[in-house]
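Visitor: Here it is, the structure in full.
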Amino acid sequence: MSTPNITVLATGGTIAGEADSATRHDYRPGQIGIEDFLGRVETLGIDANLSGTQIANIGSEDMSPAIWAQLHKSISAAIEDPVCTGVIVTHGTDTVEETAFLLDLTLPTIKPVVLVGAMRPANAVGYDGLRNFANAIRVAADRQAAGRGVLVVMGDRVFAARDIRKSRTRGTDAFQGFPRGSVGLVTPSALDWFGAPWRVGESARFPFKRDLPDVPILFVHAGMTPDYVDRLVSDNTRGVVVAGVGEGNMPEPVRAALVALAAKGMPVVRASRLDEGLVDREPEDDENRFVAARALNPQKARILLQMLIAAGTLDPTAIQLEYDGR
Ligand code: SIN
């Protein structure tokens, strides 16, 4: 195999973080620049040509549509470049699932695009960033990685963008896939896929748009009253995602307030606040004009709804088909 040419786009996060000592719990994400980081990677002796660009250097809680736009532009240019084998994006772990899903919906599947992060900062004892990055190179250099959509590599496992979710605040085993677990296992020297690529040669499912419609998430809890809906929804709101209890449930008065919005043509999607929350349609959804998020968690259900509304898809039946099929 010839030496792969990997484009590395850095956005910050713990993988580029530093603490005041190797054992302190508190640290600052996004401290190390891409040149410094790639210098450290070089010491691993991996056979790959890496060219790096700093897109941002932030904690991923500050990820924004403006940075997504830059990232999308740079990845699109890289995958159009015949010299480029694949793309790696370094990213904070807190919102990596949202960036991965947004890119998954808006990029073609012709080359591997892999997001990677770390749970421990770069000068911590047991830093996981270099290993995760070495694993990401292995994936980005593999032709079989194309056709699986955007991928995330964490803790020796490969996840599809649609499935991945951060499920723990600490520890290097912080990510889970749902409804599929990981789609592959990876180390710096081995890569095993579980099954064949499922999106071979697909073009982007949605055009990338920087300005997406306002879609808030209503996080449901015991004792919620319908005025929470009034406080959440403004004149700019174009859709609502409900992070419901159990299988997308909510108190009856809250449901009535959302039915009134849906009757006026505002899309309402029922997701679950549970980590592994499959939400199926219930018989009343037809009459209520509600959509069931199926296996998407609220934060991903929100991104898909933003894309659909931006594309002019407002009919609940048409929206439901997208949640069923993606
Ligand atoms: C972040 O998401 O930027 C901080 C947390 C992390 O990267 O693990």
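Visitor: Among the listed residues 14, 43, which satisfies the condition of being under 22 Å from residue 188 (Cα atoms), at pLDDT 95 or above and within 16 Å of the ligand (Cβ to nearest atom)?
Guide: The match here is 14.
Visitor: Shifting gears a bit: So for the stretch 122-139 (the condition being surrounded by 23 or more Cβ atoms within 10 Å (Cβ to Cβ), modelled with pLDDT of 95 or more and in contact with a His (Cβ under 7 Å, 6 or more places away or on another chain)), does at least one residue qualify?
Guide: no
Visitor: Among the residues that make up the stretch 155-167, is at least one of them within 16 Å of the ligand (Cβ to nearest atom), within 16 Å of residue 138 (Cα to Cα) and not in a strand (DSSP E or B)?
Guide: Yes, the stretch 155-167 contains at least one residue that is within 16 Å of the ligand (Cβ to nearest atom), within 16 Å of residue 138 (Cα to Cα) and not in a strand (DSSP E or B).
Visitor: Evaluate the stretch 46-58: report whether one residue or more is out of contact with any strand residue (DSSP E or B) (no Cβ under 8 Å at 6 or more places or on another chain) and either assigned to a loop (DSSP other than H, G, I, E, B) or of a type in the set (Phe, Trp, Tyr) (or both).
Guide: Scanning the stretch 46-58, I find at least one residue that is out of contact with any strand residue (DSSP E or B) (no Cβ under 8 Å at 6 or more places or on another chain) and either assigned to a loop (DSSP other than H, G, I, E, B) or of a type in the set (Phe, Trp, Tyr) (or both), so the answer is yes.
Visitor: Follow-up question, since we're still on this one. Output the residue which, of all residues in the stretch 188-223 that are of a type in the set (Phe, Trp, Tyr) and in a strand (DSSP E or B), is farthest from residue 251 (Cα to Cα). Outline the logic, then answer.
Guide: Our first condition is that a residue be of a type in the set (Phe, Trp, Tyr); within the stretch 188-223, this holds for 193-194, 198, 206, 208, 219.
With the extra rule that they be in a strand (DSSP E or B), the set shrinks to 193, 219.
Details: 193: 43, 219: 12 Å.
Per the stated criteria, the residue is 193.
Visitor: Here's another thing I want to ask about it. Do the conditions hold for residue 3, that is, is it at pLDDT 95 or above, more than 16 Å from the ligand (Cβ to nearest atom), in contact with a strand residue (DSSP E or B) (Cβ under 8 Å, 6 or more places away or on another chain) and in a loop (DSSP other than H, G, I, E, B)? Lay out the reasoning, then the answer.
Guide: Working: at pLDDT 95 or above: yes; more than 16 Å from the ligand (Cβ to nearest atom): yes; in contact with a strand residue (DSSP E or B) (Cβ under 8 Å, 6 or more places away or on another chain): yes; in a loop (DSSP other than H, G, I, E, B): yes.
Against the criterion (at pLDDT 95 or above, more than 16 Å from the ligand (Cβ to nearest atom), in contact with a strand residue (DSSP E or B) (Cβ under 8 Å, 6 or more places away or on another chain) and in a loop (DSSP other than H, G, I, E, B)), residue 3 qualifies.
Visitor: Of all residues in the stretch 165-189, which are free of Cβ contacts under 8 Å to residues at least 40 places away in the same chain and among the hydrophobic types (A, V, I, L, M, F, W, C)?
Guide: Pass one, the stretch 165-189, residues free of Cβ contacts under 8 Å to residues at least 40 places away in the same chain: 168-169, 173, 177, 180-183, 185.
Matches in the stretch 165-189: 183, 185.
Visitor: Only residues that are closer than 21 Å to residue 94 by Cα and surrounded by 24 or more Cβ atoms within 10 Å (Cβ to Cβ): list them for the stretch 106-120, please.
Guide: Result: 113, 114, 115, 116, 117, 118, 119.
Visitor: Considering only residues that are small (Gly, Ala, Ser), surrounded by fewer than 16 Cβ atoms within 10 Å (Cβ to Cβ) and within 16 Å of the ligand (Cβ to nearest atom), which ones fall in the stretch 57-82?
Guide: Across the stretch 57-82, the qualifying residue is only 64.
Visitor: With the condition kept exactly as written, say whether any residue in the stretch 277-297 is within 15 Å of residue 221 (Cα to Cα), of a type in the set (Lys, Arg), in contact (Cβ under 8 Å) with a residue 12 or more places away in the chain and not in a loop (DSSP other than H, G, I, E, B).
Guide: No: zero hits.
Visitor: I would also like to ask the following. Given the conditions (1) crowded, with 16+ Cβ neighbours inside 10 Å; (2) closer than 24 Å to residue 142 by Cα; (3) out of contact with any Phe, Trp or Tyr (no Cβ under 6 Å at 6 or more places or on another chain), report the number of the one that residue 198 does not fulfil.
Guide: (1)
Visitor: Find all pairs meeting these conditions: Cβ atoms under 9 angstrom apart; at least six residues apart or on different chains; first residue within the stretch 147-159 and crowded, with 24+ Cβ neighbours inside 10 Å; second residue of a type in the set (Ser, Thr, Tyr).
Guide: From the stretch 147-159, the pairs are 148/109; 149/109; 150/99; 150/109; 154/93; 154/172; 158/182; 159/182.
Visitor: Residue by residue through the stretch 56-80, note down the ones that are of a type outside the set (A, V, I, L, M, F, W, C), farther than 20 Å from residue 303 by Cβ and without any contact (Cβ under 8 Å) to a residue 12 or more places away in the chain.
Guide: Passing the criteria: only 80.
Visitor: Cβ contacts < 9 Å: first residue of a type in the set (Val, Ile, Thr), restricted to the stretch 250-261; second residue part of a loop (DSSP other than H, G, I, E, B), any location; separation 6+ or different chain. Result?
Guide: So the pair list comes out as 254/220; 254/224; 254/225; 254/226; 259/289.
Visitor: Tally up the residues in the stretch 113-125 that are outside any strand (DSSP E or B) and either more than 14 Å from the ligand (Cβ to nearest atom) or β-branched (Val, Ile, Thr) (or both), please. Talk me through it step by step, then tell me what you get.
Guide: Start the filter on the stretch 113-125 by keeping residues that are outside any strand (DSSP E or B), which leaves 117-125.
Narrowing the set further to residues that are either more than 14 Å from the ligand (Cβ to nearest atom) or β-branched (Val, Ile, Thr) (or both) leaves 123, 125.
Of the residues in that region, 2 qualify.
The values are calculated or read from the model by the stated rules, or taken from the named source; none is laboratory data. Please read these numbers as outputs of a predicted model, since none were measured by experiment. Neighbour counts are summed over all protein chains in view; Cβ atoms, including those assigned to glycine, are modelled from backbone coordinates with ideal geometry.
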